[in-house]
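Asks: Attaching a single structure in structure tokens format; questions to follow.
The values are calculated or read from the model by the stated rules, or taken from the named source; none is laboratory data. For clarity, every value in this text was computed on a predicted model and none was experimentally measured. Using ideal geometry, Cβ is built from the backbone for each residue, glycine included, and neighbour counts are taken over all protein chains shown. Just the protein is used for accessible areas: all its heavy atoms, side chains included, with ligands, DNA and RNA removed. Shrake-Rupley method; radii C 1.70, N 1.55, O 1.52, S 1.80 Å.
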Amino acid sequence: MRRVSYPEFRSSLLTKSRRIPIDTYLEVTYRCNFRCKQCYNPLNRAQGRELSASEIKRFIDLLVDNGCLWLNFTGGEPFIREDFFEFYTYALSKGLICCIQSNGSLITQDLAARLAEYPPYSLDITVYGASPETYAAVTGQSQGFKQCEEGIHNLLSAGIRPFLKTTVTKDNKDDVPAIKEIAGRYGLNYSYDAHIHPRVDGDKSPQQLRLSPAEVAELSLFDPQRHNDWKRYIESYIDQPNPQELVACGALEDGFWIDPYGKLRICAIVPKPTYDLRNGGNLEQAWDMFYGYIQSQKPREGNPCLTCRLFSFCGHCIGWSELEHNDWNCKVDYLCEIAHAQEIKLKELGLWPKELNCNARTL
């Protein structure tokens, strides 16, 4: 029997899933001990009675019965729920591969020890800055930096190695090199992302925290260790024909999102349509409804993104178009400008291939 690595197995399974919901995200709460200005969750977070642990376990049964393999617990801050381990360990007992996304500030020694007893496949910790001052500016909690550091120490002491990441805003952009240093000191992997979109409830105030497209390009290429990855990506994808469909990301091919109140969405940043799984219905019906909705959204003639030679290089997707313009066919100028700024920067660094057989025009 041929043995394959886990990443190879995962990639193969996602490719061959044929629309099986194998990878699902569950927002277990919108509550959070931070108040990040760039958060994509609704500004008015209290929207009713959250799913109980027993309801979440029922949802887990439905997911398993329908072929789910990976379950990602996110929020809000998932560890703010005192009953987190009740449904988390249940998911593990059902054979699901579980991942957790957290801000790290609530991870005590006892909590880390419990996680070590029931380890997740991965645990992502969002680090918002490299000082109490930056944490205060980004999250509204000056103690967040110390609490996050303690959380990381507790995890490492328990034998769990988290993955660190940062959402980059105007308030913390200067801290990215220092956060990368912190990750390096612990020997942990680190990534950062400066793409900030409106909240899922339509509130566009997070846009005020965006870096300029030129700043995003500069930031994305400041780390020489990532330059070869950029070069390989460009050589592999930039010259490929553009897909002539609106949903090019694979949304609803292998999973969806469930919010804290039992409503299903296509993904994190596509706010509609929704399907209420809590009050009746079933996953098969939701799956078919979402798929039908996606198929009904047709590219319009003149959609500039479908003819742009930087299509595979841009962060454009239906979620961004929906949140910015309430229309899947609309171009998001901010993302477009970032892609062109990155092209310029890559050429300055000598990373852009000299010969590309692009058959589409540049906008």
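Asks: At what distance in nm do the modelled label points of Arg232 and Asn189 sit from each other, each positioned 7 Å from its Cα along Cα→Cβ?
Replies: Taking the two extended label points, one gets 1.3 nm.
Asks: Could you do me a favour and compute the accessible area per residue for region 138-191, 1.4 Å probe, result in Å²?
Replies: On the way: 2570 Å² over 54 residues.
That works out to 48 Å² per residue.
Asks: Taking 0.36 nm per residue of separation and subtracting the Cα-Cα distance, what length does fully extending Arg31 through Asn279 add?
Replies: Full extension of this stretch gives 87.1 nm more.
Asks: Ignoring ligands, DNA and RNA, please state the percent of accessible area on the chain from carbon and sulfur, probe 1.4 Å. Before the final figure, lay out the partial values.
Replies: Working: 8400 of 17420 Å².
Reported share for carbon and sulfur atoms: 48 percent.
Asks: Calculate for the chain the 222 nm mean residue ellipticity that helices alone would give, adding -39,500 (n - 2.57) per DSSP H run of length 4 or more and normalising by residue count, nearest 500 deg cm²/dmol. Mind dumping the intermediate values first?
Replies: Numbers: 12 runs with 132 residues, N = 363.
After summing the helix terms and dividing by residue count, I get -11000 deg cm²/dmol.
Asks: Another question, then. For the chain, modelled as a GNM with alpha-carbon contacts under 10 angstrom, which of Tyr192, Tyr118, Tyr135 fluctuates the most?
Replies: Among Tyr192, Tyr118, Tyr135, the largest GNM mean-square fluctuation belongs to Tyr118.
Asks: What does the extension gain come out to for Ile344 and Ser52, with contour length at 0.36 nm per residue minus their alpha carbon separation?
Replies: 100.1 nm
Asks: Would you please give the residues with an amide H less than 5 Å from that of Ile97, counting only those at least 5 places away or on a separate chain, with H modeled from the backbone geometry?
Replies: Amide H to amide H, under 5 Å and 5 or more residues apart or across chains, Ile97 pairs with Trp70, Leu71.
Asks: Given a Förster distance of 30 Å, report the FRET efficiency between Arg300 and Asp201 from their Cβ-Cβ distance, rounded to the nearest 0.05.
Replies: Efficiency, from the Cβ-Cβ distance: 0.70.
Asks: Given Cβ point charges of +1 (Lys, Arg) and -1 (Asp, Glu) and nothing else, what value in debye, to the nearest 20, does the dipole of the chain about its Cα centre take?
Replies: Numbers: 41 positive and 46 negative charges, 80 e Å.
The dipole magnitude comes to about 380 debye.
Asks: So, one more: About its Cα centre, what dipole magnitude does region 59-125 give when the only charges are +1 on Lys and Arg Cβ and -1 on Asp and Glu Cβ, stated in debye to the nearest 20? Write down the numbers at each step before the final one.
Replies: Details: 3 positive and 9 negative charges, 30 e Å.
Roughly 140 debye, rounded to the nearest 20.
Asks: Average projected area of the Cα convex hull of region 206-305, in nm²? Please report the intermediate quantities before stating the final value.
Replies: Values: hull surface 39.1 nm².
So the Cα hull casts an average projection of 9.8 nm².
Asks: Then there's this: Please name whichever of Cys68, Thr126, Gly48 sits farthest to the positive end of the charge dipole of the chain, dipole taken about the Cα centre and charges placed at Cβ: Lys and Arg +1, Asp and Glu -1.
Replies: Projecting each Cα onto the dipole axis, the largest value belongs to Cys68.
Asks: Explain nothing, just the number: dipole magnitude of region 222-363 about its Cα centre with +1 on each Lys and Arg Cβ and -1 on each Asp and Glu Cβ, in debye rounded to the nearest 20. Present the calculation step by step, with values, prior to reporting the outcome.
Replies: Values: 15 positive and 20 negative charges, 45 e Å.
Dipole about the Cα centre, nearest 20: 220 debye.
Asks: Sticking with this structure for a sec: Assuming a strict under-30 Å limit between Cα atoms, what lysine pair count do you get for region 76-211 once near-sequence pairs (fewer than 8 apart, same chain) are dropped?
Replies: Lysine pairs meeting the criterion: 12.
Asks: Moving on to the next point. Pick from Pro299, Pro120, Pro271 the residue whose mean-square fluctuation is largest in a GNM of the chain, springs joining Cα atoms under 10 Å.
Replies: Ranking Pro299, Pro120, Pro271 by mean-square fluctuation puts Pro299 first.
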